[in-house]
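Engineer: Let me begin by handing over the structure; questions about it come next.
FYI, it's all coordinate maths here, none of it is from the lab. Note that this is a predicted model, so its numbers are computed, not measured. We place every Cβ from the backbone using ideal geometry, glycine too, and count neighbours over all the protein chains shown.
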Amino acid sequence: MKRLTGILLTALAFGPAHAATDAQLVQPRVLVIDPSLGAAQAQASVLAARRYGSFWDNGEEALARAALAPDFIDRTLPPGRAQGVEGPLAASKFVRAAVPDMRADIEQMIVTGDRVVVHLHFHGHFTGRFKDVQGKGQAVDFIATDIYRIGNGRITDNWHLEDNLAFLQQLGVIGG
């Protein structure tokens, strides 16, 4: 597998025609692309994953809708969350009510076949409200790992695992 990062990714995978759009999306710190993938498939997979990562970074609903297929399936659906595109939209709003300045970095992205594995790093400050708890500005810092299936340039399926224990401890909702 070969590694591509930042500017090299822009030049090789996206070309100059997409530079303005590309600059607005979160860049993976490390990008590994299976060299057996065709350029178009690799580009479409990376773009879908970067759009979704950027949605988690800034909460812009249009990015999630552009990244997720209309029949998107969350394969690790938490209890109480709606299936489909509406699930992540509601989850983002819920978390951003507690951590309004939440940001997400894409630490690693691995692209192979119809799969993309993404390691996300979330950070911000608990200044909002989470259920019955009011934030006091404490730092929030946790990770998540997602596995996406990509079809027709969009995420069709997602398997994910977030460090919810660290998140809830940092909010003070549960003891450390």
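Engineer: Could you run the Karplus curve 6.51 cos²θ - 1.76 cosθ + 1.60 with θ = phi - 60° over the range 169-174 and give me ³J(HN,Hα) per residue in whole Hz, x for Gly and Pro?
Structural biologist: Working through the residues one at a time gives 5, 5, 6, x, 6, 10 Hz.
Engineer: Which peptide among 127-133, 82-88 comes first, and what is the full order, when sorted by highest mean count of other Cβ atoms within 10 Å?
Structural biologist: Ranking the peptides 127-133, 82-88 by packing returns 82-88, 127-133.
Engineer: From the backbone phi of the range 23-28, what are the Karplus-calculated ³J(HN,Hα) couplings (6.51 cos²θ - 1.76 cosθ + 1.60, θ = phi - 60°) in whole Hz, Gly and Pro given as x?
Structural biologist: With coefficients 6.51, -1.76 and 1.60, one gets 5, 7, 9, 4, 8, x Hz.
Engineer: Given H placed 1.01 Å from N in the peptide plane, which residues other than close sequence neighbours of M102 have an amide H under 5 Å from its amide H?
Structural biologist: Answer set, sorted by chain and number: H125.
Engineer: Got a sec to turn the phi values of the range 131-148 into Karplus ³J(HN,Hα) couplings, 6.51 cos²θ - 1.76 cosθ + 1.60 with θ = phi - 60°, whole Hz, x for Gly and Pro?
Structural biologist: Values per residue, Gly and Pro as x: 6, 9, 10, 9, x, 10, x, 5, 5, 10, 8, 8, 10, 8, 10, 10, 10, 9 Hz.
Engineer: Name the long-range amide H neighbours of G84: under 5 Å, sequence gap of 5 or more, or other chain; modelled H, no Pro or chain starts.
Structural biologist: D74
Engineer: Can you compute the modelled spin-label distance between Q108 and A40, with each label point 7 Å from Cα toward Cβ, in nm?
Structural biologist: Result: 3.1 nm between the two label points.
Engineer: So how tilted is helix 39-58 from the main axis of the chain? Cα-based, degrees 0 to 90, rounded to 10.
Structural biologist: The answer is roughly 20 degrees.
Engineer: Right, something else. Return the Rg/Rh value of the chain, two decimal places, where both radii are evaluated on C-alpha atoms and Rh is the Kirkwood radius.
Structural biologist: 0.98
Engineer: Another question, then. Whole angstrom only: what separates the Cα centroid of the range 125-170 from the Cα centroid of the range 59-77?
Structural biologist: Between the Cα centre of the range 125-170 and that of the range 59-77, the gap is 15 Å.
Engineer: Mean separation of Cα pairs under 8 Å and 6+ residues apart, divided by the residue count of the chain: what relative contact order is that in percent?
Structural biologist: 21 percent
Engineer: Taking amide hydrogens as modeled 1.01 Å from N in the peptide plane, which residues meet the under 5 Å criterion relative to R29, leaving out close sequence neighbours?
Structural biologist: I106, E107, Q108
Engineer: Using the alpha-carbon atoms, what tilt in degrees (0 to 90, nearest 10) does helix 86-98 show relative to the longest principal axis of the chain?
Structural biologist: The answer is roughly 50 degrees.
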